[in-house]
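Only the coordinates and a few stated rules stand behind these numbers; no lab work does. Remember, it's a predicted structure, so these values are computed and weren't measured experimentally. Note: ideal-geometry Cβ built from the backbone for every residue, glycine included; neighbour counts use all protein chains shown.
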Amino acid sequence: MKFAAVRIFIAAAIVASFVGACLTPKTVQAQSSGLIYVVQKDDTLYSISQYFHTSTLRIQLTNYLTDADVINPGKRLIIPGFNDLSGTLTPVKIGIGDTALSLMRQSRSNSASFTRINFLTSASAIVVGQKLFTISKEASNNIRVPVTDSGLTGLELAAKNNTNPWTMAEYNATIGPWYLIPNDILFLPSSSGSSSNEILPGVEEITATGLSQGKTLALIAKGSGAAAMAGNLNFTVTDISKEQEEQNATPPVVSAIAPTKNLAAPLTFFQQTDGSAEALQGVPRMSVPGAATLTLTTKDSDGHSYSIDQNLMIKAMDYGFDSPMQVSDNVIDPKVTEPEDAFVFNLVAPFTETKLWNGAFTPPTTTPTCLTDTFGRLRSFNQSNWIYYHSGFDFCGGNGDKIFAAADGTVIYTGELTVRGNATIIDHGHGLYTGYYHQSKIEVSKGQKVTAGQEIGLIGSTGRVTGPHLHLDVFVGGVQVDPTEWLNGTIP
C-alpha cells in the first residue's frame, strides 16, 4: 500500500506539471536568425518570391502574414530556404564595369553564399541593370583598382596604392599577392576614409540609355579619361538576306527559328561641353531581344590598357504591323535592293568630329503630325514572313510641298536612287545622319552647309512609291533608328 501510494503521488505530480505547462502562457519569441529582406517601395510578395525562387505562401507562413496584399516598405521579412545564413540583404544593381566577382569583393561577401542567394549558374550571364543581393556587413570605405596590362607585380601594385600586399590579397580573397590578372578589379581599404570607384582608369561613371530595338543607345562617361575610351557593341540580328534565300528556295526552307547573324558596331566617344564623353549608337530594329556584348577599352596615364566586357539587355519593342503587301518581284529583289543599301550605309558610316545639331529636330514638312507610316512596323511582301520593316517616317504631302532640313549639317549626297528616288543625305556629326527620299526636286548640292528649317527640296513620288510623300530616315552609327526621340529632343 505504501509503494502504491507513492506511485500514485508521482503520477499525479507529473500530470499536474504537464497541465500547468500547457496552461501557463508563454512569451512568443520573434524569429531573429535567417536571411532578412527589407521590403522596398513597389515590392509585392510575388516579386519578392521571384527574387529568391520561392513561393508567396512560404513567405507568408514563415513570417506569420495574414494578408499577402499588405506589406509596407521597411518591413523585415525572413526569406525561407536560407536557415543556415543570417544577415540583412542589400539590393545592388549591376552597373557597367561590375562583375559578380567585383561585387563579392566590394561587399566582402562569401562567394558560396553570394552565388547561392542570387541563384547564379554562370558569372558571365549577368547583365547591366540586373538586381542582385549581398548580405550586409559593416560598411567600409574602399578603393576600386582596375588591373591594367602594365605587368606590375602584386608587391608593386600594393606599393603604388600604399598598402600591404598580403592585406590586398586577403581583402580580395586571392590566393596570394602575386595573383594578378589583367582587366581584373581589386578593392583596397581606404586610409583616407573616402571611397574611389573608377570603372576604368580615369573613368568614374558610365550610364547607358536607349537599350531597345530601333532606339538610340547613348553611352555617357564621366572622368578625366572618358574621351580616350573606345569600344564596340555586338548585336545578334535577324539575317533578312538568309531568310529571303530560304523562302525563295525550291521548295522553300521552313525554319522554326529565324536565321541570325552577328553585327559589330564600333563606339566612338566625343568630348562634351560639360567634360563628359558620349557615344551614340543605333540599336537595330531587327536585333534579337536579349544580351548584346559591350566592350570598352581605355589606357591609364602610363599608357597601359584596360578592357571590360559586359552584357547589355536589349528590350523588345512592339512597333506594330503594316497590312500585307503585293508588289512586283523586283521591288524586293536583293539584286536590286542590296547594292543600293550598301551604297547608302557606306555613306553614313563615318563619324564626323564636329557636332552640328542642337536639341530637338525641326519638323521636315509643313504638316509634321500627318504621317502615313511610322518607324519599325513589320511588313510582309508577296506572302513572305514578317521579315521586313519600315525604316523611317512617311510624312504626308503633295507634289511640290516643301521639305526642310531637320538639323544643321553638311549635305554629303544628292542624286537619284532606284528605290529611294531623288534623295538627299545630311551629316550632322558624331555619326548622326538624316535621309530625305522620293523628292520631286532637290534644292541643295553635295558639300553645302544647311541649317535647321532650311528648305532643301520638294515632296514627290520618285523611286519605289505608290504616291507623293516624304520618307525621313535617321541613321545613328550606321543604323536606322526611330525618329521619334530625335524629333522630341529626348536624346542627350
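Give me Arg76, Arg377, Arg116 ranked fewest to most by other Cβ atoms within 10 Å of their Cβ, as a rough exposure proxy.
Numbers: Arg76 11, Arg377 17, Arg116 14.
Ranked by crowding around the Cβ, least crowded first: Arg76, Arg116, Arg377.
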Too long for a 20 Å Cα-Cα cut-off, among Lys93/Lys261; Lys160/Lys299; Lys222/Lys315, are Lys93/Lys261; Lys222/Lys315
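Sum up the charges of everything whose Cβ sits under 13 Å from the Cβ of Val419, counting Lys and Arg as +1 and Asp and Glu as -1, but leave Val419 out.
On the way: positive: Lys335, Arg420, Arg464; negative: Asp333, Glu338, Glu340, Asp341, Glu416, Asp473.
Overall, the nearby charge balance is -3.
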If every Lys and Arg gets +1 and every Asp and Glu gets -1 at its Cβ, then about the Cα centre the chain yields a dipole, in debye to the nearest 20, of 2180 debye
Ranked on Cβ counts within 10 Å of their own Cβ, fewest leading, Phe345, Phe187 go Phe345, Phe187
Once Asp341 and Thr367 are pulled to full extension, the length gained, defined as 0.36 nm per residue separation minus their Cα-Cα distance, is 6.5 nm
Compactness summary of the chain: radius of gyration and Dmax from Cα atoms, Å, are 31.5, 128
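Roughly how many debye, to the nearest 20, is the charge dipole of region 35-85 about its Cα centre, given +1 on each Lys and Arg Cβ, -1 on each Asp and Glu Cβ, and no other charges? Present the calculation step by step, with values, prior to reporting the outcome.
Numbers: 4 positive and 5 negative charges, 19 e Å.
In total the dipole reaches around 100 debye.
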Within region 70-108, the residues whose backbone N lies under 18 Å from a label point placed 7 Å from the Cα of Lys131 along the Cα-to-Cβ direction are 70-80, 88-96
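Given a Förster distance of 35 angstrom, what is the FRET efficiency for Ala264 paired with Asn72, based on the Cβ-Cβ distance and rounded to 0.05? Each step should come with its number before you reach the end.
Values: r = 48 Å, r/R0 = 1.38.
Taking R0 as 35 Å, the efficiency between Ala264 and Asn72 is 0.15.
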In the neighbourhood of Glu455 defined by beta carbon distances under 15 Å, the net charge of the other residues (Lys, Arg +1; Asp, Glu -1) is 0
Expected sort for 145-158, 45-58, 399-412 on mean C-beta neighbours within 10 Å, highest first, is 399-412, 145-158, 45-58
Partner lysines whose C-alpha sits under 30 Å from that of Lys446, ignoring same-chain residues fewer than 8 away, are Lys215, Lys335, Lys355, Lys402
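Considering only the other residues whose Cβ falls under 11 Å of the Cβ of Leu180, what net charge follows from Lys and Arg at +1 and Asp and Glu at -1?
Value of the local net charge: -3.
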Each label sits 7 Å from Cα toward the beta-carbon; between Val92 and Ser445 the label points are separated, in nm, by 6.2 nm
Taking the dipole of the chain about the Cα centre (Lys, Arg +1; Asp, Glu -1; charges at Cβ), the one of Ile181, Pro324, Phe82 that reaches farthest to the positive side is Phe82
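Given the Cα-Cα distance of Asn232 and Asn110 and 0.36 nm per residue of separation, how much length would full extension add, in nm? If you can, show how the numbers build up before the last one.
Working: separation 122, 0.36 × 122 = 43.92 nm, distance 3.35 nm.
Extending this stretch completely gives an extra 40.6 nm.
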Ranking Pro468, Val411, Ala349 by how far each Cα lies towards the positive end of the charge dipole of the chain (+1 on Lys and Arg Cβ, -1 on Asp and Glu Cβ), the top one is Ala349
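Using the Kirkwood radius built from alpha carbon pairs, what does the Stokes-Einstein equation give as D for region 329-488 at 10 °C and 1.306 mPa s, in µm² per second? If you can, show how the numbers build up before the last one.
Numbers: Rh = 15.7 Å.
My calculation gives 101 µm²/s for D.
For Ile175 and Glu353, compute 0.36 nm times the residue count separating them, minus their Cα-Cα distance, and round to one decimal in nm.
59.4 nm
Could you line up Cys370, Cys396 from fewest to most neighbouring Cβ atoms inside 10 Å?
Numbers: Cys370 12, Cys396 18.
Listed from fewest to most nearby Cβ atoms, that is Cys370, Cys396.
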Taking only the Cα positions of region 420-464, the convex hull volume per residue in Å³ is 72 Å³
Treating only Lys and Arg (+1) and Asp and Glu (-1) as charged, each at its beta carbon, one finds that region 90-197 has a dipole about its Cα centre, in Debye to the nearest 20, of 360 debye
